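I have placed the structure first, in the form of structure tokens, so that the comments after it can refer back to it.
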Amino acid sequence: MWLRFSSFVVFMAAGAAAGWWLRGWPAACGGIMLAALAWWLVDVWRALRVLRSLRDGETAALPSMRGLWGEVADRLRRLRRAEQRRLEDSERRLQEFLEAIQASSNGVMLLDAEGRINWCNPTAASHFGIDIERDRDQLIGNLVRDPNFTSYYAHPDPNRNAMVTGSGDSAGRPVRLAVRLHAYGEGRRLMLSNDVTAVEQAEAMRRDFVANVSHEIRTPLTVLTGFVETLQSLPLEEGERARYLELMAQQASRMQTLVNDLLTLSRIEGSPPPGRNEWTPLAALTDDCEDEAQALSALLTAGQGAAHALHFEPAPALALAGSRTELMSAMSNLVSNAVRYTPAGGSVTVAWQLLAGGQAEFAVVDTGPGVAPEHIPRLTERFYRVDRSRSRETGGTGLGLAIVKHVVQRHGAELRIQSTLGKGSRFAIVFPANRVRQAAGSAQAVQ
Ligand code: ADP
């Protein structure tokens, strides 16, 4: 301001001096007036320059000059720059927010007051089979036809999910979505969707599992209770009494085996995956299996005239990394199945083999009844049995191959089942090369 005032005074003084110098004192007044006019014109010109740049919206082109207008231009430039930065900042934040919603595994869809699709993320698009470019502004009610959704949309409740069939649903591959609507803005709605297929399947599996366990336990319990009542109410002869007690012991042991298998399954599921610090020689694993197989075979074939021909081929001098208990459990389940399902007189062969890629294969081959191809993919399901009565008679729980499958998965191995109905089966576990090494004290190399 001081500069402006002094420039004005300097102009006046210069005008007055010029007038005096040209024509003496009377012309000095005219000089002052001319100088004031010139100062005003220069001032207006400077103001117009600033105004023109503002009108063009070109803050970068705001003239740089001194004085009041220079300062005005300078402040305007700074204000504009701050505004620009704020805009860029909120633009960036909006972009980040949208990217986060795009990346969400939950479906997010924005609907207007009429229920037209304004925007949705890729997850929501795949949940409902929507192409956002094609279906923008389409009514959601025309695209999602599930009656559950229609009734929920008519009476939305933000505290309740609607269970809706998702896009791509089929009998073999169900897709179930939990959908929720939240009101916002002026009649707008935010629609959230979540794929709950796996949760629903897990829940169904849990229900089936509980039903199966109860069913498995109920039969021996009923038998046991019956015998207890008989023993309590009837005066029995010693021989009869001993027979009843033996039958009771059998049922109790059946329940015990089931509980043991259930505990093994839950322990395997709940513990961390086995590392590669514990190494067990293959020979030690096979020897334990052989002892069990001999005892089981003797028990099952007692009094039948013929026994099983059990061949345990010598294991290579290798060691296997993993949980010894789990490995034993998987191997002995395969061997005991072969012994249990193969009739007396049949043969069971157990062998280890080092494969070309360095993997180790444990194979159990029997000459039992075999399994029809349609059953093979389901054998590892819990409580799935092909021959129910043979399984029960021989103390099966229906959990053996489920345990094998878990152990195999946890060790990065593969379970291979080959079977021909009426001829026999081959159950093999192929362990990855990184879990196989030469046994301590052996000179054999692992390729
Ligand atoms: P289980 O305790 O009933 O033997 P598993 O899970 O071990 O249960 O096996 C599932 C079913 O697979 C068995 O009930 C049986 O019908 C079939 N199975 C398993 N191993 C053999 C085999 N070696 N020969 C024929 N059938 C077999």
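Every number here is computed from the coordinates shown, using simple stated rules; none is lab data. Predicted model, so just to flag it, every value in this text is computed and none were measured. Note that we place each Cβ from the backbone using ideal geometry, even for glycine, and neighbour counts take in every protein chain shown.
Give me the percent of DSSP beta bridges within the chain that run antiparallel, rounded to the nearest 5. Show your work: numbers first, answer last.
Numbers: 48 of 52 bridges.
Close to 90 percent.
Exposure proxy ranking for Met163, Met328, based on other Cβ atoms within 10 angstrom of each Cβ and starting from the fewest, stands as Met163, Met328. When shorter helices are ignored and each DSSP H run of at least 4 residues is given -39500 (n - 2.57), the per-residue value for the chain at 222 nm works out to -18000 deg cm²/dmol. Here r is the Cβ-Cβ distance between Val210 and Leu231 and R0 is 30 Å; the resulting FRET efficiency, rounded to 0.05, is 0.45.
Distance between the C-alpha centres of the stretch 94-126 and the stretch 242-298: 53 Å, rounded to the whole angstrom. Simple rule: put +1 on each Lys or Arg Cβ and -1 on each Asp or Glu Cβ in the chain, find the dipole, and look at Val407, Gly30, Trp279; the Cα lying farthest toward the positive end is Gly30. The mean sequence separation of alpha-carbon pairs under 8 Å and at least six residues apart, normalised by the residue count of the chain, gives a relative contact order of 9 percent. Since only Trp45, Leu221, Ser90 are under comparison, the one whose Cα sits farthest along the positive direction of the charge dipole of the chain, derived from C-beta charges on Lys, Arg, Asp and Glu, is Trp45.
Shape of the stretch 203-332 from the C-alpha gyration tensor: oblate (a/c of 1.5 or more and a/b not above b/c, with a ≥ b ≥ c the square roots of its eigenvalues). Semi-axes of the equivalent ellipsoid for the chain, computed as √(5λ) from the eigenvalues of its C-alpha gyration tensor and ordered from largest down, come to 91, 31, 19 Å. At q = 0.13, 0.19, 0.21, 0.23 Å⁻¹, what base-10 log of I(q)/I(0) does the Debye formula yield for the stretch 105-195 when every alpha carbon is treated as an equal point scatterer in vacuo? The Debye formula, applied to the Cα set alone, gives -0.37, -0.81, -1.01, -1.23.
3J(HN,Hα) couplings calculated from phi for the stretch 200-211 with the Karplus curve 6.51 cos²θ - 1.76 cosθ + 1.60 (θ = phi - 60°) are, in sequence order, 5, 5, 5, 5, 5, 5, 4, 4, 4, 4, 4, 4 Hz; Gly and Pro show x.
Dipole magnitude for the stretch 276-447: about 500 debye, using +1 per Lys or Arg Cβ and -1 per Asp or Glu Cβ, origin at the Cα centre.
Could you please rank Cys289, Cys120, placing first whichever residue has the fewest other Cβ atoms within 10 Å of its Cβ? Show your work: numbers first, answer last.
Details: Cys289 21, Cys120 25.
Final ranking by Cβ density, sparse to dense: Cys289, Cys120.
By how many degrees, 0 to 90 and rounded to 10, does the Cα axis of helix 67-103 deviate from the longest principal axis of the chain? Between helix and principal axis, roughly 10 degrees.
Hand me the trypsin sites (Lys or Arg not before Pro) from the stretch 394-441 located in a DSSP loop with no more than 15 other Cβ atoms within 10 Å, in residue order please. The qualifying sites are Lys423. If only the Cβ of Lys and Arg carry +1 and only the Cβ of Asp and Glu carry -1, the dipole of the stretch 105-195 around its Cα centre is close to 220 debye. Please report, to one decimal in angstroms, the Kirkwood hydrodynamic radius of the stretch 300-411 built from all distinct Cα-Cα pairs. It works out to 15.3 Å.
Fewest neighbouring Cβ atoms within 10 Å first, the residues His155, His406 line up as His155, His406. Annotation: amide H of Leu355 within the under-5 Å range of Ala360, Glu361, sequence separation 5 or more or interchain, hydrogens built in the peptide plane. Starting from the 7 Å offset along Cα-to-Cβ, what nm value, one decimal, do you get for the label separation of Thr219 and Glu83? Rounded to a tenth, the inter-label distance reads 8.4 nm. Over the Cα atoms of the stretch 2-98, what is the Rg over Rh ratio if Rh follows Kirkwood? A ratio of 1.32.
Determine the dipole magnitude for the chain: charges of +1 sit on the beta-carbon of Lys and Arg, -1 on that of Asp and Glu, nothing else is charged, the reference point is the Cα centre, and the result goes in debye to the nearest 20. Could the numbers behind the result be given before it?
On the way: 49 positive and 48 negative charges, 527 e Å.
In debye, rounded to 20, the chain gives about 2540.
With only Cα atoms counted, the stretch 203-270 has Rg and Dmax values of 15.8, 50 Å.
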